Each structure stands twice: as C-alpha cells, then as structure tokens.
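Below is one structure, written out as structure tokens, with a few remarks after it.
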Amino acid sequence: MELDLTAVLSLDEEINQLTKQVKADEKQVVELATSLTQKRNKETAPFTKNVNQLLHQVGMPNAKIKVTIDEVAYNSYGKDKIDFLFDANNTQKFEPIKKVASGGELSRLMLCIKSLVAKSIDLPTMIFDEIDTGISGEPAKQVGLLLQGLGQARQVLCITHQPQIAAKGHAHLFVYKEQKGANTNTFLRALTASERVQHIALMIGGDPPSKSALENAKELLGA
C-alpha cells in the first residue's frame, strides 16, 4: 500500500493550523479572564461599602458582607471563585450567606444588593417576603423607601406586616380564602383607595381601627 504524501502533508498542515488556533484561543481566554478578574477586584471594595451602608439603613447596623475572590481553573465565568460572606452581629466571623443568614436577614440583604444591581441590570419583576422581620419605625420606613424607589422602573411585589412599608406601595392587593364544600380557594383582588386606608389602619391599630389610626393611615399613604 502506497503512502499518499499529499494527504499526509495536507493533514500536517491542518494540524498546524488547528494548533495555532488553539494557542490563539488560549491566549484570548487568558486575556479576557484576567480582564474580568481585574474588573471584579476593582468593584469589590465599593460594592461591599455600599451594601454595608444600606444594611445599616434598613435596620441591620452590625451586619456586614465580605466578598472573596480566589483563582480556580478556567471556566465559562473566568478564573475566579467568588464567595459572598456574611456577619450579622459584628463578630468578625464571616460565613457563607446561605449558612448564617436568617430569612429576614437574607431578604433585606437581597434588597440592598438588588437595589444596587438594578441600576445596571433590567430586572422586570422583584419579589420580597419577610422583609420586615425584626424591624419597625425608621428602619421599616427606609426599607419602604428603597422598595418604592425600585418600583419606579419595575414591578415590585412585597409581602409585609409593617404599615410604613405597605404604605409605600403604588397599589395594594388583598389575598383571601373562601371555602366551598370540601374545597378551599384562594383569591386576590386590588383594593380601592378607601380600602387601602382601611387596611393600613388595621395594620396600625387592629380591628376596628380607631380614628387616629385612620388618620395615621391617610398620612402614611399621602391621601
């Protein structure tokens, strides 16, 4: 069997071309990953500073986050392993958020982060639950203001027990259940302007709401 030198040379040329392409691609990967790492390192300090300031604002004065960036093997996200660590009580012991943050802490932390991220990423709908756990007064008001600001450019759904937060909503939905025979159904309807005052007053002073609670509700709603 004769060796086809033309085919061999053609194959060698193709291998050389592919080898050069692989080296060029590897160089580009290194450059892009390095650039991404530099940008991440540049943003880490201002990001943590801004989040920690917002945490203080929403009633978590002792809470802090810390971002660590460690080098790993190249992947579709670059060459970095990024960890978000959390210390809720100024213990100087930072642990992964998912391990140490309670439901309320996590919700408020995500509010702070998303309020910053939303400035550069379009998030059409944001949902918050248990965001008012352990807060009242001025911190609750500040949470409401943050949510109100986010709601200027997107849909924000929030479940809350705090009138200061609820009053910042542009609309209020009433969720209720009805039992028909053996079935229990859940319904949802929008409250009218007068019903909004009534329900905010119920949150303030219980049922039936007092005259002062109704006046307070009107003041909170700007009615």
Quiz item: Got a number for residues in region 117-174 being of a type outside the set (S, T, Y) and part of a loop (DSSP other than H, G, I, E, B)?
Solution: 23
Self-check item: Hey, E195 surrounded by 13 or more Cβ atoms within 10 Å (Cβ to Cβ) and either free of Cβ contacts under 8 Å to residues at least 12 places away in the same chain or more than 23 Å from E105 (Cβ to Cβ) (or both) or not
Solution: yes
Quiz item: So which of I159, I121, I127 is among the hydrophobic types (A, V, I, L, M, F, W, C) and either touching a Lys or Arg at 6+ places or on another chain (Cβ under 8 Å) or under 23 Å from K49 (Cβ atoms) (or both)?
Solution: I121
Exercise. Go through region 54-82 and give me each residue that's in a loop (DSSP other than H, G, I, E, B) and small (G, A, S).
Key: G59, A63, S76
Quiz item: Given the residues H170, H161, which is the only one that is surrounded by fewer than 22 Cβ atoms within 10 Å (Cβ to Cβ), in contact with a helix residue (DSSP H, G or I) (Cβ under 9 Å, 6 or more places away or on another chain), without any contact (Cβ under 8 Å) to a residue 24 or more places away in the chain and of a type outside the set (V, I, T)?
Solution: H170
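Restrict the check to region 31-42 and report whether at least one residue is out of contact with any Cys (no Cβ under 9 Å at 6 or more places or on another chain), outside any helix (DSSP H, G or I) and at pLDDT 90 or above.
No, region 31-42 has no match at all.
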Self-check item: Residue pairs meeting the criteria (Cβ under 6 Å; at least 6 apart or on separate chains; first more than 15 Å from K79 (Cβ to Cβ) and in contact (Cβ under 8 Å) with a residue 12 or more places away in the chain, in region 19-36; second surrounded by fewer than 10 Cβ atoms within 10 Å (Cβ to Cβ) and polar (S, T, N, Q))
Solution: none
Quiz item: Taking region 95-144 as the search range and keeping residues that are hydroxyl-bearing (S, T, Y) and exposed (fewer than 12 other Cβ atoms within 10 Å of the Cβ), which one is modelled with the lowest pLDDT?
Solution: S120
Self-check item: Of all residues making up region 200-223, the number that are outside any loop (DSSP other than H, G, I, E, B) and more than 28 Å from the chain's Cα centre (by Cα)
Solution: 13
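The values are calculated or read from the model by the stated rules, or taken from the named source; none is laboratory data. Only a predicted model underlies this, so the values are computations on that prediction, with no experimental measurement involved. Quick reminder, even Gly has a Cβ in these numbers, built from the backbone with ideal geometry, and neighbours come from all protein chains shown.
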